[in-house]
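Input: a single structure, listed below in structure tokens.
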Amino acid sequence: MKYIRYIILAILGCVTTFFIWMYIQRTNLDYNTEGKYLLLEEGVVYTEQAKEVYGILALCGLILTGVFVYKLIRK
């Protein structure tokens, strides 16, 4: 049972790291006046609102990871 907690913590840390990386990538894009970033080579359109969603998910992930680490240390 102890190892399952460490596996969950590792997965949660990786997911949180992914959301932080996505948030940083989206904040570095140049959006137009409509709040969209068009990447013509790949045909992809990114909207500016996704940036906030990734930020909120990253923040929630950091909080959950911190609580999980705290609980593992306290036991």
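In the range 30-55, the residues that are without any contact (Cβ under 8 Å) to a residue 40 or more places away in the chain and among the small types (Gly, Ala, Ser) never reach a residue that is assigned to a loop (DSSP other than H, G, I, E, B) and open to solvent by less than 60 Å² (accessible area, probe 1.4 Å) with C-beta atoms less than 7 angstrom apart, at least six apart or across chains. Please determine, by comparing only the residues of the range 34-64 that are among the small types (Gly, Ala, Ser) and out of contact with any Leu (no Cβ under 8 Å at 6 or more places or on another chain), which one is nearest to residue 23 (Cα to Cα). That would be 55. For residue 11, the test of being at pLDDT 95 or above, under 30 Å from residue 75 (Cα atoms) and of a type outside the set (Phe, Trp, Tyr) is passed. Within the range 45-75, the set of residues being open to solvent by 90 Å² or more (accessible area, probe 1.4 Å) and of a type in the set (Ser, Thr, Tyr) comprises 70 only.
If only residues of the range 1-25 that are over 15 Å from residue 57 (Cα atoms) and not aromatic (Phe, Trp, Tyr) are counted, the one that is surrounded by the fewest Cβ atoms within 10 Å (Cβ to Cβ) is 1.
Taken over the range 26-44, the criterion of being open to solvent by 80 Å² or more (accessible area, probe 1.4 Å) and either assigned to a helix (DSSP H, G or I) or of a type in the set (Val, Ile, Thr) (or both) is satisfied by 33 alone.
The values are calculated or read from the model by the stated rules, or taken from the named source; none is laboratory data. Just so it is clear, the structure is predicted and the values come from calculations on it, not from any experiment. For neighbour counting, all protein chains shown are included, and Cβ atoms are generated from backbone atoms with ideal geometry for every residue, glycine included. Accessible surface is based on the protein model in full, side chains and every heavy atom, while ligands, DNA and RNA are left aside. Shrake-Rupley method; radii C 1.70, N 1.55, O 1.52, S 1.80 Å.
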